[in-house]
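Provided herewith is a single structure, encoded as structure tokens, for subsequent inquiry.
The values are calculated or read from the model by the stated rules, or taken from the named source; none is laboratory data. It should be emphasised that the depicted structure is a prediction, and the values quoted were computed from it without experimental measurement. We place every Cβ from the backbone using ideal geometry, glycine too, and count neighbours over all the protein chains shown. Accessible surface is based on the protein model in full, side chains and every heavy atom, while ligands, DNA and RNA are left aside. Shrake-Rupley method; radii C 1.70, N 1.55, O 1.52, S 1.80 Å.
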Amino acid sequence: MVRNNFNNKFKGAIDILKIFNQNGYEAYFVGGCVRDYLLGEDFSDIDITTNALPDQVKKVFRKSIDTGIQHGTVTILVNGDSYEVTTFRTEEDYANHRSPEKVEFVSNLREDLDRRDFTINAMALDYNGKLFDYHNGDSDLSSKIIRTVNNPNERFYEDALRMLRAFRFSSKLGFEIENNTLNAIKKNAELIKFVSIERIVNEFKKLLAGKGNLRSLELLLDSKLNLYIPFFKEVNTVQDLSSYSFCQSLYILSDINDILFEKLKFLKLSNKEIKLIKQFDLINQEFKNTTPIELILYKYNREDVKFVCDYFGYDEEKNIDKCILTINSFDDIDITSEEIINYIEKKPGPWIKTVISIIEKDILLHRLNNNKIDILDFLSNLRDNI
């Protein structure tokens, strides 16, 4: 089967396959780029598989990086672009249901495709656009099905992360998970405990952003896979999260499932991510306390405020874009902290922060003009209470 736009989609990468062939080797496009090409979707990464050994690849293409040479992967640099090239291989003796301890290079394309996770990712194209599809992946694309290559129990026992990847691809593509594959996930769900939380979180970031995330999350809860994953084991209720960022999604899941923010630490998120998620709740408290919108926008990022406002349905949402702040930071105020100290004639201390906060608030709420004369006059009335 040849799709009409093959030359346009793969462009200069086609010449790479031809160079392999001219040097006596087989080479094919493989994996996600083939899947997305057949779906008519755009893609950026182009992976190549070949019967050339890593050292032979490096002789054909002089500019290369040993990105995973122990597993047969070399990144070649051609005309300013990079391509991952991996030698045909089989994998055995998986350690901790995740990483193969034994990798054997083979000379047969089919053997290489047999080791891959799902049928839709186990297809290859030659430089003419001819499809090599030994597992009916193209048919599963047409049927919108996620199915493992060969026995699903074996695939998941080898690499437990594949279970979560099934839901991730289901979410990204809006596909259903084939029954035998889904039943195998239910049977092997506990194996996900062997996978690092960092890899699990990386899959969830992609899953939650997918157009079919709601259905995928429902299937995931039904499979009980989440019961073996920190934080997500507390999730019983889900909603469509495709229009939200990862941090926003975690906040929503926390809110609708009454999950304590302390549970987030088990996901090993960055300090920045945890701070942002907690900040959403602080913004919500500001709205509950009927804090003026000017003060909220002065303190927090405008887009974060809009998210909280939209999610909880606060009336102020329509005013956020129209709201123009008179100042954006203390640097915009026509007085310095040193001038305040000199004018008050008091030893520096915590009182300075309090005074600055009062000045900022009154300027933002248009009760004080932002000029030094008015501010000093304002401070004269405060002096006795400081």
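Which pairs break 30 Å Cα to Cα here: Lys272/Lys346; Lys58/Lys144; Lys272/Lys361; Lys11/Lys144? Each step should come with its number before you reach the end.
Numbers: Lys272/Lys346 37 Å; Lys58/Lys144 38 Å; Lys272/Lys361 27 Å; Lys11/Lys144 27 Å.
In this structure, Lys272/Lys346; Lys58/Lys144 lie more than 30 Å apart at Cα.
Please state, rounded to one decimal and in Å, the Kirkwood hydrodynamic radius that the range 1-140 gives when every pair of distinct Cα atoms enters the mean of 1/r.
Working: mean 1/r = 0.0654 Å⁻¹.
15.3 Å is the Kirkwood radius here.
For the chain, what are the per-bin percents of Cα-Cα distances with bins 20 Å wide, up to the bin holding the maximum?
Reading the bins upward from 0: 22, 40, 24, 13, 1.
Only four residue types carry charge here, +1 at the Cβ of Lys and Arg and -1 at the Cβ of Asp and Glu. Report the dipole size of the chain about the Cα centre in Debye, rounded to the nearest 20. Don't jump to the answer; show the numbers that get you there.
Details: 52 positive and 61 negative charges, 121 e Å.
Dipole magnitude for the chain comes out near 580 debye.
Suppose we look only past 27 Å in the calculated P(r) of the range 92-219. What percent of the Cα-Cα pairs does that tail hold? Don't skip to the answer; put the middle values down first.
Working: 1512 of 8128 pairs.
Counting pairs separated by more than 27 Å, the tail of P(r) holds 19 percent.
How large, in percent, is the carbon and sulfur part of the accessible surface of the chain at a probe radius of 1.4 Å? Numbers along the way, then the final one.
Numbers: 8550 of 19710 Å².
Looking at the chain in its full context, I get 43 percent from C and S.
Excluding ligands, DNA and RNA, what is the solvent-accessible area per residue of the chain at a probe of 1.4 Å, expressed in Å²?
Working: 19710 Å² over 386 residues.
I get 51 Å² per residue for the chain.
Please identify the chymotrypsin sites (Phe, Trp or Tyr not before Pro) of the range 23-82 that satisfy two criteria: DSSP loop assignment and at most 11 other Cβ atoms within 10 Å. Which are they?
On the way: sites: Tyr25, Tyr28, Phe29, Tyr37, Phe43, Phe61; in loops: Tyr25, Phe43, Phe61.
Passing sites in the range 23-82 do not exist.
Once both labels are modelled 7 Å past Cα along the beta-carbon direction, what's the Asn183-Thr290 spacing in nm?
Here the modelled spin labels are 6.0 nm apart.
Using the Cα centre of the chain as origin and beta-carbon charges of +1 (Lys, Arg) and -1 (Asp, Glu), tell me which of Ser243, Ile359, Leu208 is placed farthest towards the positive end of the dipole.
Leu208
When the dipole is taken about the Cα centre of the range 1-140, and only Lys, Arg (+1) and Asp, Glu (-1) are charged at their Cβ, what size is it in debye, to the nearest 20? Write down the numbers at each step before the final one.
Values: 16 positive and 24 negative charges, 112 e Å.
Roughly 540 debye for the range 1-140.
From the square roots a ≥ b ≥ c of the eigenvalues of the alpha-carbon gyration tensor of the range 144-245, which class results: rounded (a/c under 1.5), prolate (a/b over b/c), or oblate?
Details: a/c = 1.63, a/b = 1.21, b/c = 1.35.
Because a/c hits 1.5 or more and a/b fails to exceed b/c, the range 144-245 counts as oblate.
Using θ = phi - 60° and the Karplus curve 6.51 cos²θ - 1.76 cosθ + 1.60, what whole-Hz ³J(HN,Hα) does each residue of the range 53-66 get, with Gly and Pro shown as x?
For the range 53-66, the Karplus curve yields 6, x, 5, 6, 4, 5, 6, 6, 10, 5, 8, 8, 10, 7 Hz.
Eigenvalues of the Cα gyration tensor times 5, then square-rooted: what semi-axes does that give for the range 184-310, in whole angstrom, largest first? Walk me through the intermediate numbers first.
On the way: eigenvalues 179, 42, 30 Å².
Here the semi-axes work out to 30, 14, 12 Å.
Run the numbers on the chain and let me know its relative contact order in percent, using alpha-carbon pairs under 8 Å that are six or more apart. Could the numbers behind the result be given before it?
Values: 541 pairs, mean separation 32.7, N = 386.
This gives 8 percent for the chain.
Can you tell me the Rg and Dmax of the range 330-384, counting just the alpha carbons, in angstroms?
Here Rg and the maximum Cα pair distance are 10.2, 29 Å.
At most 15 other Cβ atoms within 10 Å plus a DSSP loop assignment makes a site exposed; report the longest stretch of the chain without any exposed GluC sites (Glu not before Pro). Please report the intermediate quantities before stating the final value.
On the way: sites that count: Glu41, Glu345.
Counting only loop sites that pass the neighbour cut-off, the longest clear stretch is 42-344.
With the Cα gyration tensor of the range 239-363 in hand, convert its eigenvalues to equivalent ellipsoid semi-axes via √(5λ) and list them largest first in whole Å.
Working: eigenvalues 225, 70, 27 Å².
Semi-axis lengths for the range 239-363 are 34, 19, 12 Å.
Right, here's the next one. Would you mind working out the magnitude of the charge dipole of the range 232-386 relative to its Cα centre, with +1 at each Lys and Arg C-beta and -1 at each Asp and Glu C-beta, to the nearest 20 Debye?
Numbers: 20 positive and 27 negative charges, 114 e Å.
Using only the charged Cβ atoms, the result is roughly 540 debye.
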